[in-house]
Each structure stands twice: as structure tokens, then as C-alpha cells.
Amino acid sequence: MTPFKYTRASDAADAVRKGAATGVKFLGGGTNLVDLMRETIERPGELVDVSGLSTEIVETDEGGLRIGAGVRNTALAEHRRVRTAYPMLTRAMVSGASAQIRNMATVGGNLLQRTRCSYFYDEDGSRCNKRVPGEGCDAIEGFHRGHAILGASDACIAVHPSDMCVALAALDAVVHIEGAKGARTVPLVDFHCLPGDRPDIETVLEPGDLITAVELPPMPFAAASTYRKVRDRASYAFALVSVAAAIEIEDGQVRDVRIALGGVAHKPWRATRAEAALRGAPAGETAFAGAAATELAGARPLADNAFKVRLAERTIVSVLCELAGVTA
Amino acid sequence: MSIFDDAKQAAQGLVQAGMAKAVALAPDSWVPGGKPDPLIRQRHGAIGKPVSRLDGALKVSGKATFAAEFPVEAMTYAAMVYSTIAKGRITQITVSEAETAPGVVVVMTHRNAPRLNPPPAFLSESKAAAGDSLPVMQDERIYWNGQPVAVVLAETQEQADHAASLIRVGYEAEEAQTTFEAAREQGTQQSRFMGQPLHDEVGDAQDAFAKAPHKIDATYTTPRHNHNPIELHGVTLYWRGDGSLRVHDAQQVVAHTAYTLARTFGIDEKQVVVTSPYVGGGFGSKTLWQHQILAAAAARLAKRPVRMVLSREGVYRVVGGRSPTEQRVQLAATDEGRLTAILHRGLTVRTAHNVIAEPFILATRSLYGAETFLLDVHHVDFDMLGNTFMRAPGEAVGTFALESAMDELAHELGIDPIELRIRNEPEKDPISGLPYSSRNVVEAWRSGAERFGWERRNPVPGTVRDGGWLVGMGCATATYPYHRMPGGAARITLSADGRATLDLAAHEMGMGTSTAQTQVAADRLGLPMEAITFNYGDSTLPGLIMAGGSQQTASIGASVIAAYNKLVGELLKLAGNDSPLAGLKTEEVGSRDGGLCALDEPDRFETYASILARAQRDTISVEAEPPMPLETMHWSMHSYGAMFAEVRVNAVTGEPRVSRFLGSFDCGRILNSKTAASQFRGGIIMGLGLALMEETQFDERKGRVLNPSLSEYHVPVHMDVPEIEVMWTDIPDPHAPMGARGIGEIGITGTGAAIANAVYNATGRRVRDLPITLDKLL
């Protein structure tokens, strides 16, 4: 770890002011950033601790929730209103990491998790365009069983590791940001970037930008939503594929639906094609399978992760059937 | 290995083969274990009781001091830099920035490291302990991707870690052999194990296979595995003014390590003291690797004590693991399911700098009574970190192949897989021709099958469903040999206050050895457990005792028997003519209630205190070595188990999960039913990992391990492990000390195949390539 300066922000404005300087990083729970600092992949000159700011969860006037960026993952997962109104979010959170990590990790930090690609982590011995833009990617012809099948580029096939963000993507969450030019909001689905030729740029945040909150709009039919994570062991493993979904059915027809996928792309993947295919369709396995196939038609798998296409399709169908109460 | 070494090994093999014939034909009574250990008959002592670990309270309260916790004045902390190429040379190494970083005491590279001899590699001679025989930081040569190229010592660990990150290394890479297929094309070599070729032929197996009405011919592959004991490899050491080296290490071979360090530094063996009172898991990995040598070299350079704890990544870079295997198994059988041929051949990977090839045919040599055999292991040499032993080397992966093939044959024949195994139960060892010392695997099968509810298994694959899960049952035989390595010794000191101290250079790595051996010593000496002090984990104590190959129990047992017999002889001499014991011979005497008695007349008795008092002695101390372990050339000595798995495979996602497991063992007498159950379960959990998830990502392009962490190298987490039931026959082996055979490794054997066979029963999908991940079942 490279020596660094540690300061604590007194409020959001103070954080934004301090964060504008080069080499400054905001510190939440530190569950990913400190690991990366130990590996010397991140070498900030200064850490500004923002974990004490905005730690509340409040109901909005519209009937949604505004979740402070400093809220710990465990607190959010256990929150009564989250459990009843947005159960997919609770399920996503408790399927991530371990209880100890969730007790530390913050909501803001979770949004900024970096990929667990082995080549990204192997600073000494491997090439990675995310670490050193233009250097090359050793994953494309290396171990990529866990890598992206959607939206990847020739420069990067890494996936976003978060479970929470997949649920947030499905729930139309909005990210509140405080920056040098004032406050703004960005829909979660637009917050993370696809890799393109600059995989080192992972979000739309500008230098000094601070995430202050994540807002969930009201979504009554999300009360029966779910999250299914498929992985290589029963706990403490990243998703090979995960599906967050909510569906509203009226008279046997799909009135509205939300689907997001994890473990398949550089960002939480909102399955807009599948959703569009389903709206107005009869709720049943045939339509679900057709929608899943439509979404995955854009997949560009590599040799060792081709299974993810079928796995994603099957998991989407299974989750939708479960929510719709029809047998697969 | 050089041609000369190969020739030497071959010659040793011939001598051993000649001796083996003579020992095989010798009368039982001439052979160690020929006369059963009298303790076997004693059924009401401490042996077998579920005694909790004597060091358990110390461990859970944090009071047990592990290698990296010993406080030393003026300590320095070490960090290492590892090579990023597999073969070539260092062209440039820039350390100036590191040397001037805060807190740095010294930076050591090949340019300033003390001159050292190459360490003798494990098994190359009896006391050798090194993972390989490569020179350690002596020149600019690079032999594997991950080789240490610099050591930083600093006042704190954080300062050392930071300074190490400032070192810049330039390399000139040479073409390295790191690709399985390319290496195979260049030719394979015959592998050896303990000096003997891993090749066996009985009859004409090829011909028998060709003519058989039923046959299986399948290839099974197992990946590279790395060691992940929970305690990282750590060492605290310092040089004393007299030129001696004091080492607090995490060890399973203290005496071997002291010797090998002495050879490497060119000093006398007695000048190196290695102790290791507590070890957080070994599994074959807690031997001598470059980190201890480099720590000692850096300590010499800095003239300061050194603590070096490998990071988890460091363990993957510096400590060897299990090599990958590709095994072809061919089985031929009659209509009745009698095996007419077993052919088990294949390829593994090794380095040229050690003598360890994964011996995956060992279990096949003695498990089934086939008429003909053709067994063989070949290897290719890689430019990689020296591979090593990992829990049940050979058997863990070999039984996966053999026992999967047996299941395939059972299915082909339409015979129950347990019945097929019982029909091929041999009367004597099919290859050596030796009688079995004790073999009750059929009993283990029958009792295990009843307890597990095997009769509820539907033999038609893919037919049982529970909600969204496909459910299946599978079974496999577990087996591991009884070993006893030469070199054991023990000292017993008896004092007039009725206490006894046992001293052996043995090891406690968490499995319960010190507790179980205290129970044994109490029974042998006729003393309560509280009166026994068992000293171990210290290279200055008697014996060259390896905690490996499940042989430590036998090695300690035979050593203590030898010392005990000598003690009885000495006590009888001291007792003289005034004792009730007068006139008795050593073999006529046993112990009870703090004294000696005639075995046939327990009332002829005198306490140790009384004997010592009459002789005006406060203590008596004896040391003795057991006879050479010839028993394994006279009997075929093995432990067995019947392993049962129930698995659930998700019908949508293919996720495989083990929902139930039972191991029914036949391992001779169990010395401590509590620690034994834990060891069996631990082995089974490791076998579950082998079956479903463990795999080192070795990038063949660079010969580099890409998942050197517990987050990316998967071992089972609690949620992966179901209730595991264990049971045992508890039938003593009449030819083993205490009637006990070691149990450290057998749990991992057979487990992989039992799970794979259950997956087949659940899904109809036969996965022959480990680990069984969901993509292979979709």
C-alpha cells in the first residue's frame, strides 16, 4: 500500500471541495477500495472519508425511498420498507459478499465497485486496458469464464461485480450527485459506462463528484419482485448470471415488467429488449422464453463463457415463471 | 533430475525390490507388528475416548502462539517481489527507491544475497525437506513465474510492503515450457514414486480388455490445485552470536527442515533449531520453501531477526500445489461383473527440480481383484513452481478416475455399484501378492449403505426430482495406505512423582495428534492422562518424524513402543530381586495403575515410584528407535472407506450442491473418536471442494497463476457443506501399532467420485473433468 493522507469530510460540500484535487478518493466502507490499495492498483494520495455523511433512509413525497450514500448494505437490506416494497433489493444485497463485508460496505461505495477480473487484479504480471489504457487485454484469450457476454469491446470484457446495482437498475433507481457545478441526478442505468475503447472510465462521475443518495421511485408491483443469483458455490462468490425482476400481470397479460441482469456486462444490464417484447404479451413460458432470447440475441460470448447465454435465458424464464405463478 | 540421479534411484529400487521379496517370505514374528501391540487388547483405557483437544482452550482464547506471533527484540518484517516471467533472466533490478523508503532496513536481491548451497529436495535423501533443489536467489536466473526476486526488510510490515512495490525488475524472457499439449508433443517420461517406477503389469491386460464382453474406456482429467491452509506460511527467525539459527516455523517436518536449512547455509545440523508448537493446517504444504531460506539469508544480511509471513498470493507463488492429471481408465468385466482387466494410465506435470510426480495409480494397485493389470504414470516437465504433495497425493485424484469408471461399469452391467465392488473383493493384494493385514471394506460398505439408505436410490439416472432440483445418490470406495517412514525415535522420562514425559520431533497441525498420543501414552504407561507431558514440534527432540502420508500415528506409535520396551527393561533391572517383578522378562511385563505388572498375573505389581525409590533414583530416561518399517513389505496394509453422497442439481441452472454425505471407514482402531470424526469430515469437505470447485487458474501463456486468492480460488464455504455423517468399523489392525492406521488423508479419497457418481444418478450427465461446475451440467 502506498502511504496516503486521511481526512474526514464534514459535509457534502466539504467533500466535493476536497475531492476536486488530483489523487483524492472518497472512502466509504473501504471493502473494495482498501483491497485495491493493498494491491497497489489504486494509489490515492488522499482519502476523504465520507462514510459518516448521508446515512438515512427516508420516504419520499412520491412514496418511494431516498437512501443515503453512506447507508451500510446490511442496514439497507434489513430496512422494513425495502423488504416489503422492493424485496428484490434485499435479496440482491444479502446474496452479495459476506455478512462482515455487508456490515461495512456503503451504498455509494457499492455503486463504485471495480471489476474482479483476474487480469485487472494482477498488476505485476498481466496486461489490462482498465489499469493502463491501451496496454492490451490478457483476459480475451485467457480465463474469461466469468466475463461479459453483452456490451463488451475489443478493449475489455470485464463485468461489474455488484448484486445491489442489478436490483437498482431494475427498480428505475436514480443516483443523486453533488459536484462542483451543483447537484444533479442520473438514472442508475446511465450511471455506469460500457467499456468501449476506454474501459478505465467506469461511470459518468466527474472529478470531485460525490454520490449523496440513491432514490427509488414508487413501483407497486415490485412488492412481489425477486432476485436470483447463479454462482459456483452457495455463498461468497460473484454471479455467473443474476436476474432481478418484477412483473405486473392483468387478465393474463403482462402489463408492466422490469428485468435486469448481473454478471453479463460491464454494467448492470437492464433488459430493455426483453421488457419491450413482454409488455402486452400473454404471461407464460413461451412469451418469457421469446423475450429472453430477444435480449440475449445481442450476446457476443467467447470460448469459455458461451454457457452464460443459455444460463441467462433459462434463469430469466425461471424467475418470470416463478413471479407469474406459472410452471416452467 | 539428472541421468545420474535417475540411475541411482533405479538402483535403489532394485535393492528394495530384492529385499521386499525376502521380507514378504519371512515369518510373521520376524517382522515389526508380527506380534500384536498389547494395547490392542486393552479396551477400557483412554484410547478411543472422545477427548477434547488438550490445546483447544488455548487456541480459542488466542493464547496459542503460532510461528508468526513469537515476539523478538529488534524484529524486522519482510516483504517479497515475485518474478512475472516463467523462464529467463533478470536484466535489471532497481532498488534505490525502495532502499530509501521509510523504515527500510535492507533490500536483498541476487546481487547481495549471502552465498548459499542449493537445498536438497524433499525425498532426494531421507532428511531433505525443500520443495525443489533450485538455487535460492543466487543469480539472475528465473525458473518459474512467481519466483522471489527481491526481499525487503523494514521496521514494520506496512513499510516493507510499500518498499517492495517500489522495486522495478527488467527481464529477458526465454521460451518456457508451460503448456500441457506442447509438453506432451515433446515427449513424456516414466514417473517414479519412492524410487520405484510407477508402472505395474500383471498378465496381459490389453489382451484381456480386447476379449472382454463388457468394458469401459474413459479419460478423466483433474486440474491443478493450490494449498490454502487457514494459517498463512509464516516464520520468525534469528541468528545467534554463536552462528546458530533459531527458527519459529509452521511445520510438518521440523527435523527435516533443520537439516535442510543447515545444508543450505553450510553449517552443522545441530546449529539449526526449528520449533513449531501450533500449526494452522498443513496438508503437505508446511515444509521448507524458499521463504524460510530467504528470511534466514536476509536476517544474516541485516543482522536482525526477521518475520516473514507470506501473503495469500505469496503462498500461491512460493508454495507448490497438486499437479493436473489426465487419466485413462479401462475396465473389462465378465457378464457377472468379475473384473478381468484394469488399465489405469496417464500423464501428470512435474518440475525437473524435484522428485514428486502425482502418483495417481497407487489406489488402483490394491483395491480390486482383477485378473490382469496395466498401470502407469508418465509426466512432462514444466517451467513452474515445484509441485508437491497435497492431502492424499495420488489417491485423491486417482480414486476419482478409478471409482468413476467403476460406477460406469456398474451402469453398463446393470449391477448395483456396491455389489460390483463386493464381487471384486480380492483375497490378497492383486499386484504384490501379499496378504492384507486387515481389510473390512465389505463391512464398511454394508453398514454405510444401511445407515445412508442406499436402498432408496433409483438406479435409473435423472428420474428423481424434488421441486426444481434433480436428486441423485452416488458412492465410491475410499482408500489410503498405511505408511511408516524410517527414522522414528522417542524418549520417555519417568519421574518418581508418577509423571511421564514423552519427547518426539512430531507435529500437531490441528488434527489432534498431541491429544490422541497423550491418550495412547497414558494407556501404555498405565498412568492418567494428566500425568503425561507430550513434547513435540521441536527439531532437537528425538526422531525424524514426518506429519505426512498419514503415517505420523504409526511412526510415533512404533517409536514409543520401542522406547517403552527399553524403559521396561531398565526398570526391571532397577527393580532387582526384591521386587514382585523379579525374574520377569520385558515381554512378559505390562503397565497398570502407575506401575509394572506381569501380563499373565496382574497382581505381581510394583509402582514406578517404588522401583525408583528403591534404586534411589528421581527419574529414569530412555530413548529408542523402532525397527525398520518392514511390515509394509510383509502385509498389504491399507485403510478403506465407503463413501455415500446425495446431490441436488438445479434443473434450470445446473448448480450442483451436496445435500447429504456419509463416510463409513475401516481404518483400524480409532484413537480419539472426537478428533477422528473431525479429521474424516475435514477430508470429506476438502473432497467436496475437489469435486465441485477447486481449480487453479494457471495461464499457460505465461505459466502464471491468475487466481491467487480465497475469493477467486474456490474452496467450500459453510453453506456448501451439508451434514456429514461418519462411522467406522473400529476393527484393530493386528499388525499396526495400537491397531491404528492413520486417518489424515482417507477422507478426501473417493469423495470426488462419490459426488460425480451422484451427479450422474441425478442428471444422467457423466462429468469426467473436475471440477463439476454448472456449465458442464447445463
Discussion item. Out of A:D232, A:D154, A:D200, A:D190, I need the residue that is within 14 Å of another protein chain (Cβ to nearest Cβ) and either under 18 Å from the mean Cα position of the chain (by Cα) or surrounded by fewer than 24 Cβ atoms within 10 Å (Cβ to Cβ) (or both). Which one?
Written reply: A:D232
Worksheet item: Regarding B:G687, is this residue buried (at least 24 other Cβ atoms within 10 Å of the Cβ) and modelled with pLDDT under 95?
Response: no
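Which count do you get for residues in the range B:708-745 that are within 14 Å of another protein chain (Cβ to nearest Cβ) and either within 18 Å of B:S438 (Cβ to Cβ) or free of Cβ contacts under 8 Å to residues at least 24 places away in the same chain (or both)?
Qualifying residue count, the range B:708-745: 5.
Residues in the range A:179-208 that are part of a loop (DSSP other than H, G, I, E, B) and either closer than 18 Å to A:L168 by Cβ or not assigned by TED's automatic domain parsing to the domain that holds A:M88 (or both): how many?
5
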Worksheet item: Restricted to the range A:128-143, and to residues that are away from chain B (no Cβ under 12 Å) and buried (at least 20 other Cβ atoms within 10 Å of the Cβ), which residue is farthest from A:M37 (Cα to Cα)?
Response: A:C137
Discussion item. The conditions are (1) over 28 Å from B:M384 (Cβ atoms); (2) more than 14 Å from chain A (Cβ to nearest Cβ), and B:P102 fails exactly one of them. Which is it?
Written reply: (2)
Response to the item:
Residue set A:P195, A:P207; condition out of contact with any Leu (no Cβ under 7 Å at 6 or more places or on another chain) and either buried (at least 16 other Cβ atoms within 10 Å of the Cβ) or of a type in the set (D, E) (or both); output residue A:P195
Worksheet item: Which condition does B:G595 not pass, out of (1) buried (at least 24 other Cβ atoms within 10 Å of the Cβ); (2) touching a strand residue (DSSP E or B) at 6+ places or on another chain (Cβ under 7 Å); (3) small (G, A, S), if it passes all the others?
Response: (1)
Discussion item. Can you pull out every residue in the range A:235-259 that is polar (S, T, N, Q) and within 17 Å of the chain's Cα centre (by Cα)?
Written reply: A:S242
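Looking only at the range A:279-289, decide whether some residue is over 20 Å from the mean Cα position of the chain (by Cα), farther than 29 Å from B:S659 by Cα and assigned to a strand (DSSP E or B).
Keep residues of the range A:279-289 that are over 20 Å from the mean Cα position of the chain (by Cα), which gives A:279-289.
Those still in the list that are farther than 29 Å from B:S659 by Cα too: A:279-289.
With the extra rule that they be assigned to a strand (DSSP E or B), the set shrinks to A:282.
Yes; the residues of the range A:279-289 include at least one that is over 20 Å from the mean Cα position of the chain (by Cα), farther than 29 Å from B:S659 by Cα and assigned to a strand (DSSP E or B).
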Worksheet entry | Residue list for the range A:240-270, filter: among the charged types (D, E, K, R), without any contact (Cβ under 8 Å) to a residue 40 or more places away in the chain and part of a loop (DSSP other than H, G, I, E, B) | A:D251
Item to complete: Scan the range B:81-122 residue by residue and report those that are out of contact with any strand residue (DSSP E or B) (no Cβ under 9 Å at 6 or more places or on another chain) and crowded, with 18+ Cβ neighbours inside 10 Å.
Response: B:L116
Worksheet item: Can you tell me which residues in the range B:271-308 are under 17 Å from B:F122 (Cα atoms), polar (S, T, N, Q) and assigned to a helix (DSSP H, G or I)?
Response: B:Q290, B:Q292
Item to complete: Just need a number here: residues in the range B:600-609 that are aromatic (F, W, Y) and either modelled with pLDDT under 95 or in a strand (DSSP E or B) (or both).
Response: 1
Discussion item. Quick check on the range A:215-228: of everything there that is in a strand (DSSP E or B) and surrounded by 24 or more Cβ atoms within 10 Å (Cβ to Cβ), which residue is farthest from the other protein chains (Cβ to nearest Cβ)?
Written reply: A:L216
Worksheet entry | Residues (in contact (Cβ under 8 Å) with a residue 24 or more places away in the chain and either polar (S, T, N, Q) or surrounded by 20 or more Cβ atoms within 10 Å (Cβ to Cβ) (or both)) located in the range A:272-286 | A:A274, A:L278, A:A283
Worksheet item: Is there a residue in the range A:292-305 that is in a strand (DSSP E or B), of a type outside the set (A, V, I, L, M), under 23 Å from A:I140 (Cβ atoms) and more than 14 Å from chain B (Cβ to nearest Cβ)?
Response: no
Item to complete: Would you mention how many residues in the range A:157-171 are away from chain B (no Cβ under 14 Å) and not in a helix (DSSP H, G or I)?
Response: 5
Response to the item:
Inside the range B:455-476, the number of residues satisfying the requirement of being buried (at least 16 other Cβ atoms within 10 Å of the Cβ) and either under 14 Å from B:D416 (Cα atoms) or without any contact (Cβ under 8 Å) to a residue 24 or more places away in the chain (or both) is 6
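Yes/no per residue for (1) among the aromatic types (F, W, Y); (2) in a loop (DSSP other than H, G, I, E, B); (3) within 21 Å of the chain's Cα centre (by Cα):
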{"residue": "B:A352", "(1), (2), (3)": "no, yes, no"}
{"residue": "B:F360", "(1), (2), (3)": "yes, yes, yes"}
{"residue": "B:L402", "(1), (2), (3)": "no, no, yes"}
{"residue": "B:M406", "(1), (2), (3)": "no, no, no"}
{"residue": "B:H411", "(1), (2), (3)": "no, no, no"}
{"residue": "B:I431", "(1), (2), (3)": "no, yes, no"}
{"residue": "B:A444", "(1), (2), (3)": "no, no, no"}
{"residue": "B:S447", "(1), (2), (3)": "no, no, no"}
{"residue": "B:E450", "(1), (2), (3)": "no, no, no"}
Worksheet item: Among the residues of the range B:690-707, which ones are more than 10 Å from chain A (Cβ to nearest Cβ) and either among the β-branched types (V, I, T) or part of a helix (DSSP H, G or I) (or both)?
Response: B:L690, B:A691, B:T696
Worksheet item: What is the one condition in (1) surrounded by fewer than 24 Cβ atoms within 10 Å (Cβ to Cβ); (2) within 14 Å of chain B (Cβ to nearest Cβ) that A:V254 does not satisfy?
Response: (2)
Practice prompt. With the condition kept exactly as written, say whether any residue in the range B:163-170 is modelled with pLDDT of 95 or more and away from chain A (no Cβ under 14 Å).
Written response: no
Worksheet entry | Residues (more than 7 Å from chain B (Cβ to nearest Cβ) and out of contact with any Gly (no Cβ under 7 Å at 6 or more places or on another chain)) located in the range A:117-127 | A:C117, A:F120, A:Y121, A:E123, A:S126
Fill in: Cross-chain or 6+ apart pairs with Cβ under 6 Å, the range B:545-567 first and not assigned by TED's automatic domain parsing to the domain that holds B:H735, then of a type in the set (F, W, Y)
B:S550/B:Y480
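Matching residues to (1) in contact with a Phe, Trp or Tyr (Cβ under 6 Å, 6 or more places away or on another chain); (2) of a type in the set (D, E); (3) within 20 Å of B:E408 (Cβ to Cβ); (4) outside any strand (DSSP E or B):
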| position | (1), (2), (3), (4) |
| --- | --- |
| B:V460 | no, no, yes, yes |
| B:M485 | no, no, no, yes |
| B:L494 | yes, no, no, no |
| B:D497 | no, yes, no, yes |
| B:L502 | yes, no, no, no |
| B:M509 | no, no, no, yes |
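The values are calculated or read from the model by the stated rules, or taken from the named source; none is laboratory data. Since this is a predicted model, take the numbers as computed values, not measurements. Positions of Cβ are backbone-derived with ideal geometry, glycine not excepted, and every protein chain shown enters the neighbour counts.
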